[in-house]
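Below: one structure, written as structure tokens.
The values are calculated or read from the model by the stated rules, or taken from the named source; none is laboratory data. Note that the coordinates shown come from a computational prediction; the quantities given were computed from them, not determined experimentally. We place every Cβ from the backbone using ideal geometry, glycine too, and count neighbours over all the protein chains shown. Just the protein is used for accessible areas: all its heavy atoms, side chains included, with ligands, DNA and RNA removed. Shrake-Rupley method; radii C 1.70, N 1.55, O 1.52, S 1.80 Å.
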Amino acid sequence: KPEWTRDGKAVLVVSDREGRFALWMHPTDHVSPSSPLLKLAGGAIGDAVFSADGTTLVYKGQSKTVKAGWWYRRLKGDTTARPVEGVPANAAAALLSPDGRWIAYSSSETGRHEVSVSPFPGPGARYPVSVDGGATPAWSPDGTRLYFRHARNLVAATISVTPTFEVVSLATIFSESPALSNTEAGWSHANFDVSPDGAQFLLVQPA
């Protein structure tokens, strides 16, 4: 999943151009050269996202000295990698909430992909969001909703975080959309997104 920097001047991608999957920054001016952001010695990175404020990188990876799982590190100052506690190692499509307090992801401990949320960076309780299958979560810009795919439907979970995290309601936004196929590909990030004002959706439909 390509990931924009906060200023829109570069895109973060996972690339194996040097033989192992690592994180690379691609400037959007089409002039400056691409540069590596993070490599794991003797290992590989499978996924990565930025926090909304652009200060933190969350990624899934493993190396000879780092066990497989989800990790985070600051981009300035102390850049020591630390585990995201409470998120299963097999979790996929992890995404931080706009305020950086929560991390949503899908995992398949129950035998099918379900969407859950945990405090970031943990530890803390794990809160289920989907109830009968779900994948590829995406936050609304204000953090009050969490969207995810269920079958060929787009579902909105209305969220409350006071006094604790709670799913207030679930509602189907779109039904039977061809752009929402392959929902069981829980490793994949969403092929849809929400506009910055929260009023529109963009969906990528396979040709």
If every Lys and Arg gets +1 and every Asp and Glu gets -1 at its Cβ, then about the Cα centre the chain yields a dipole, in debye to the nearest 20, of 640
Rounded to one decimal in nm, the spacing of the 7 Å Cα→Cβ label points at S35 and N90 is 3.9
Projected onto the charge dipole of region 43-195 (unit charges on the beta-carbon of Lys, Arg, Asp and Glu, signs +1, +1, -1, -1), the Cα from H113, Y59, W139 with the largest positive-side position is that of Y59
Taking a straight Cα-to-Cα line shorter than 16 Å from K39, and setting aside same-chain lysines fewer than 8 residues away, one finds K60, K64, K67
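Mind checking the per residue accessible area of the chain for me, 1.4 Å probe, whole number of Å²?
Accessible area per residue, the chain: 52 Å².
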Descending accessible area (1.4 Å probe), largest on the left, turns R82, R101 into R101, R82
Taking protein heavy atoms only, a 1.4 Å probe, and rounding to whole percent, the accessible area of the chain owed to carbon and sulfur comes out at 54
With 0.36 nm assigned to each residue of separation and the Cα-Cα distance removed, K1 to A171 gains 58.6 nm
Residues whose built amide H sits under 5 Å from the amide H of R145, excluding neighbours closer than 5 in sequence, are S140, I159
In nanometres, the difference between 0.36 nm per residue of separation and the alpha-carbon distance of D142 and K64 is 24.2 nm
Options [x] 12.6; [y] 30.7; [z] 17.0 for mean projected area of the Cα convex hull in nm²; the value derived from the coordinates is listed as [x]
Karplus-derived 3J(HN,Hα) from phi for region 88-103 (6.51 cos²θ - 1.76 cosθ + 1.60, θ = phi - 60°), whole Hz, x at Gly and Pro, runs x, 4, 8, 5, 9, 6, 5, 8, 7, 5, x, 8, x, 8, 9, 10
Taking region 119-180, the whole-percent share of alpha-carbon pairs separated by over 15 angstrom is 53
Length gained if D53 through R73 is fully extended, taking 0.36 nm per residue and subtracting the Cα-Cα distance, is 5.8 nm
Bounding extents of region 1-123 in its principal axis frame from Cα atoms, largest first in Å, are 47, 33, 30
